[in-house]
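Structure record follows, encoded as structure tokens.
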Amino acid sequence: MVQPWQDTNLPAKVRAADLLARMTSEEKKAQLSSVWLGADIETDTAAVAPGQHAYVAESAVLDALLPHGLGQLTRPFGTVPVEPAEGAARLAELQHRIIEGNRFAVPALAHEECLTGFAAWQATVFPTPLAWGATFDPELITEMAEAIGTSMRAVGIHQGLAPVLDVVRDPRWGRTEESIGEDPYLVGTVGAAYVRGLEAAGIVATLKHFAAYSASRGARNHAPAPIGPRELADVILPPFEMALREGGARSVMASYNDIDGLPGHAHTGLLTQLLRDTWGFTGTVVADYFGIAFLESAHRVAASEGDAARLALSAGVDVELPAARCLPAADHIPEDLLDRAALRVLTQKCELGLLDPGWEPVTGDEPIDLNPPQMRDLARAVAQESVVLLANDAGLLPLADGLRIAVVGPLADEQAAMLGCYTFPRHVGVNHPELPAGVEVPTFAEALRAELPGAEFVDDPADADVCLAVVGDRSGLFGRGSSGEGCDTEDLELPYQQGEMLDEVFRKGAAAATPVVLVVLSGRPYALGRWADRAAAVVQAFFPGQEGGPAVAGVLSGRVEPSGRLPIGVPRTPGGQPAPYLAPPLGRRSDPSNVDPTALYPFGHGLSYTTFAWDTPQCDAPELPTDGETTVRLTVRNTGDRAGTEVVQLYLHDPVGTVARPEMRLVGYARVPLEAGASAEVHATFPADLAAYTGANGRRVVEPGALELRVAASSERVHHTVSLTLTGPEREVGHERRLRCEFRVK
């Protein structure tokens, strides 16, 4: 007889509740547990942080859990290299073991990393999230994410641990490359776009890290976040709101850091009161890897691992990842806490079809291609749109074919310059040097030679028509790179003594009258003020993935029209951080201090090989109520002789507030592709809700009074201003407020 929990005609939560009522406490606890199989704890050190290897579960742990069931399987593809079809077959075999081992035949949910594509051997490697932000193209990011999710589903994966929605507050933080940028609106819109794509493919998107991980003191990984409630509400949290409301994310990952002494994995205010009671989130909250154990070992707010498990479940964590460590040690967990978390887990499994009668895992019987042409095309498109032309004062770019070109720098001929720390080759592959990368990753030098077949490449800048100096990062984990998780830096000086190398290159170039083009391939912005005035041009790419070499080479040759914009400012000096984009007036250059933190290249900056003209905008209603909206219209023209894409950015300036406010902040943007001589009309509908901010009393309000919309090509290059007046009473707004400015390009 079919039981209610097996009846596919009933709502998922009803089915899950029926199954829950039939379970023992141990079976409920098992649904909150995970197992990490396949990691060699002696050699696979790149997969986990120092001191955490003992937590990697082995087969004996799985065998002990099987009679009770299992909640999650950790990274069956992302732990060691495995052929896609073979990996799917192994996962299917493991799922059959789990099904046959528990009395309800409930399979495990399998999760993987997917920050730069599916983190599996032979899977397409996409650009890092900072490059997504540089595209200013949410539609393309949605398409990319759906393709990534489809590839994960094809091998039996259910959940992806992405996107990272941490707003960068100090780029010295090693995980800057994993973030989308330094502006909450850009992070929210691009992040929500990624979530939409992943969820459309049937993969549970996991928002991380909740919250304020990127606001750590001194930009140190895991460090406390010295952040006030206003900054938390207005800068850190909006991207999560947007990704939940507009993207439909079904999972959230708690954060390693503490906020004012409250660790993220024990923060009831965030995980229950805000996330669930206020925002109405009904999905699962998963622990960041070892985050529950850290409540005892690092934060020291728990007396034992069992105490840590009780503390985390009480706060609102539902699943311990990556392995069952604290939950098995927790005796006497209150039944209501087990029921609450297990119901959420079982409901999600039901939504994924894992409780349906006759469910079968993907078998891997057919060949599986995780790097098909359409995926490579998408990787190429994202890479090309993410390359930012920072400077071209001499007009040297695009390069003509047939030149004598010197390519110098330690990263010019290295694959690592293209790959972020969560790509499989840099995350896991470094432990398997006997194997190839799994996908073709042309280096910059290789790609440039293919791009300019008529060029002559020479070694000495003195013998060249132009010298390309390639600098940047090698990604890694926990100090094994210059960028990546656990690879924080004390300042923003170029690593590996590349600054000294550049000084010598520019000296030689000046002596031989050879112009130098600076090419930066990195996971964070670095201080370039020392060389900016001497460089003929400057190009920036943020770990652009397996197609990044051809993308950057294509921009240099002119085959690709540069259209990327900075998602984070590039500093002038290595110690002048954090950059002041979202700072109030006194956080910018000011008379009381002799230190000038002004960015060398500001947020939103990026050049093109063509030129654009912006007509004076027209505003439908310069006076609007505090609950109203208005539309701004302007025409953008391509006045050059080649096609190009302008990125129209809309910023809000609030002249007077009850608290010190950012001088300006992004509230909307649109990519406007135009053929030579063509024009387009851009319509931006601005809701008054976007003027809301959190006051000293903790209330988020829209105030009557004067505002200014700035129509701009970057945060520092304003073309036009539009004066607005909000009328009527002050209005408090909450989670249901409007979160975006709608753009239409005609």
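The figures follow:
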quantity	calculated
Selection status of A342, aliphatic (A, V, I, L, M) and under 29 Å from R480 (Cα atoms)	no
Test: residue in segment 45-61 that is modelled with pLDDT of 55 or more, within 28 Å of the chain's Cα centre (by Cα) and within 27 Å of H222 (Cα to Cα)	no
Filter result (more than 33 Å from the chain's Cα centre (by Cα) and without any contact (Cβ under 8 Å) to a residue 40 or more places away in the chain) within segment 610-634	D615, Q618, D620, A621
In segment 417-463, the residues that are in a loop (DSSP other than H, G, I, E, B), of a type in the set (D, E, K, R) and free of Cβ contacts under 8 Å to residues at least 24 places away in the same chain	E434
Qualifying positions in segment 695-729 - outside any strand (DSSP E or B), touching a residue at least 24 places away in the same chain (Cβ under 8 Å) and over 18 Å from P622 (Cα atoms)	G695, A696, G698, R699, A713, S714, S715, E716, R717
Members of segment 312-358 found to be acidic (D, E) and either touching a residue at least 40 places away in the same chain (Cβ under 8 Å) or under 23 Å from D258 (Cβ atoms) (or both), listed by number	D318, E320, E335, D339, E351, D356
Lone unmet requirement of (1) surrounded by fewer than 23 Cβ atoms within 10 Å (Cβ to Cβ); (2) modelled with pLDDT under 95 for I98	(2)
Tally, over segment 258-310, of residues that are small (G, A, S) and surrounded by 22 or more Cβ atoms within 10 Å (Cβ to Cβ)	9
From G197, G218, residue being in a helix (DSSP H, G or I), in contact with a Gly (Cβ under 7 Å, 6 or more places away or on another chain) and not assigned by TED's automatic domain parsing to the domain that holds A541	G197
Residue among V667, V745, V672 that alone is surrounded by fewer than 17 Cβ atoms within 10 Å (Cβ to Cβ), within 28 Å of S386 (Cβ to Cβ) and under 28 Å from the mean Cα position of the chain (by Cα)	V745
Residue identified as charged (D, E, K, R), touching a residue at least 12 places away in the same chain (Cβ under 8 Å) and in contact with a Leu (Cβ under 9 Å, 6 or more places away or on another chain) among D288, D234, D258	D288
Candidates L556, L521 - the one that is part of a strand (DSSP E or B) and in contact with an Asp or Glu (Cβ under 8 Å, 6 or more places away or on another chain)	L521
Condition check for F294: more than 22 Å from A193 (Cα to Cα) and in contact (Cβ under 8 Å) with a residue 12 or more places away in the chain	yes
Scope segment 440-471; condition modelled with pLDDT of 95 or more, crowded, with 17+ Cβ neighbours inside 10 Å and either outside the structural domain of V538 (by TED's automatic domain parsing) or more than 15 Å from G554 (Cβ to Cβ) (or both); matching residues	V441, A464, D465, V466, C467, A469, V470, V471
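The values are calculated or read from the model by the stated rules, or taken from the named source; none is laboratory data. All values reported here derive from a predicted model rather than from experimental measurement. Don't worry about glycine lacking a Cβ; one is built from the backbone with ideal geometry, like all the others, and counts go over all protein chains shown.
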